[in-house]
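For reference, the structure discussed in these notes is given below.
The values are calculated or read from the model by the stated rules, or taken from the named source; none is laboratory data. Here the structure is a predicted model, which means the values were calculated and not measured. For neighbour counting, all protein chains shown are included, and Cβ atoms are generated from backbone atoms with ideal geometry for every residue, glycine included.
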Amino acid sequence: MHLFRRARVPLACLPPPLNRPDGADAALEPWRECDVAVDGGRISAVRDSGAAGGGGFGGRTTDLGGVLVFPGLLEVHTHLDKCHTWDRAPGVHGDFWESLGILASDSARWSEADVHRRADFALRSAWAHGTVALRTHIDTGRDVGAGALAAVGRLREEWRGRIEIQTVCLFRFADFFGGQADRIVGLAASHGAAAMGGFPQPNPDLPRQLDSIMAAARELGIGLDLHVDESAIAHAECLRATAEAVLRNKFPHPVACGHNCSLSVQSPERARETIALVKAAGIGIICLPLTNLHLQGRVRGPAPGGTGFGPPLTPQWRGLTLLHEFIDAGVTVACGGDNVRDAFIGWGDFDPVEVYVESVRVAHLDARLAFSPSVVTTGPAAIMGLPGYGMIAPGSPADMVVFSARKLYSLLARPSIARRLVHGEEFREARLPDYGEQEGWPDA
Ligand SMILES: [Zn+2]
């Protein structure tokens, strides 16, 4: 038993009745100072630090002195099969379709050993930043997927008890309906995928395609986690089609949709209807601000000679989905990091604190600060189906991120501020892997 005293826990990560504001400045500093008791690998009790009748916990006590404490963090959407390929396969134009092609070529090298090496580096980074659960999409099709799924399956065992790892089989609908359905479904089944993924494109056959994919997922007893509408094309309405398909099929398993960028270029009336359908269908919405800021709204002037890429122009549209409108409608939302150091984006570090801070800044989540921590805690936990995760509550995993900051606005001002990590009853080591290690990789 270890009692951590005076932890300022975000209200969004506390159980009732502790999750209610207790001070005049709760709008600006929405946390409550709590004493958190840990017994083995679980949190056993949480009480207001100011509550009468101290003691009674027994065991060791550490006084944190009133610093900000988040629960272990969740990464809801990333790509471990693609990460850390930037040095050998960079996407220097930041062009979505060009980068997709570069990664498709690189995928010939995604053996089990190659993916294991890169993904393990990624997980060590995520763990050093305080991550306790991570969902990765894995490209799955005729020539790709088996090595990566085997590698991540091994990693799932190697990291058990530290990071909970979920896989989603990601495929092009054209491949699924072009003869690869059995292979994709077979790989999802044999590797214990948490959800069927997929990358639908607007087309007249989309409703029928979604019906078929839902039938396949229903057969496997799993949900869906799709990449949808990652563009500024107003008629891209795969999110709406997915919501209609969930309702039409009475699909019983969890469904999440990532990106949803084009919703924000549609008319307000149309977007409102789609959001209502999403709510009715119970779909979780995943916003990926870091990659969408990088890839969306990327415009260039005319290319010299009419070929290649013209000079860069200043981005205007930044590619966010309608996060506030979804929250107002009562839809579960989460923010994720998406690609890390692959052809889509040359940076990223599997750090949910970076995702959190940037999401607050670019999506104006300061306007709902009390809610904001949930985008990397309770939101992802709900979408990933991990009860107790993302909370500091009795029964939750005893993982905590202890910041040197005493206030949320101090963390937002200085995201690099020191963190200490609690795992079980102990503070644990948090050492980031060195990039020098990558220079020794066989194909560096
Ligand atoms: Zn993605």
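Helices (runs of 4 or more DSSP H) fully within region 292-389 that include at least 2 residues being at pLDDT below 95 and buried (at least 16 other Cβ atoms within 10 Å of the Cβ): none found.
Pairing each residue of region 411-435 that is at pLDDT below 95 with any residue that is of a type outside the set (A, V, I, L, M, F, W, C) and surrounded by fewer than 13 Cβ atoms within 10 Å (Cβ to Cβ), provided the two are 6+ apart or on different chains, yields no C-beta distance under 9 Å.
Being hydrophobic (A, V, I, L, M, F, W, C), in contact (Cβ under 8 Å) with a residue 24 or more places away in the chain, outside the structural domain of D22 (by TED's automatic domain parsing) and within 14 Å of G130 (Cβ to Cβ) is the requirement here; does V376 meet it? Reasoning before the result, please.
Numbers: hydrophobic (A, V, I, L, M, F, W, C): yes; in contact (Cβ under 8 Å) with a residue 24 or more places away in the chain: yes; outside the structural domain of D22 (by TED's automatic domain parsing): yes; within 14 Å of G130 (Cβ to Cβ): yes.
For V376, the condition - hydrophobic (A, V, I, L, M, F, W, C), in contact (Cβ under 8 Å) with a residue 24 or more places away in the chain, outside the structural domain of D22 (by TED's automatic domain parsing) and within 14 Å of G130 (Cβ to Cβ) - is met.
Looking across region 151-204, just one residue is within 23 Å of I383 (Cα to Cα), assigned to a helix (DSSP H, G or I) and acidic (D, E), and that is E157.
Could you pull out the residue among R117, R88 that is of a type in the set (D, E, K, R), away from the ligand (no atom under 16 Å from the Cβ), at pLDDT 95 or above and in contact with a His (Cβ under 9 Å, 6 or more places away or on another chain)? So the residue among R117, R88 that is of a type in the set (D, E, K, R), away from the ligand (no atom under 16 Å from the Cβ), at pLDDT 95 or above and in contact with a His (Cβ under 9 Å, 6 or more places away or on another chain) is R117.
Taking region 217-236 as the range and being within 16 Å of the ligand (Cβ to nearest atom) and in a strand (DSSP E or B) as the test, the residues that pass are L224, D225, L226, H227, V228.
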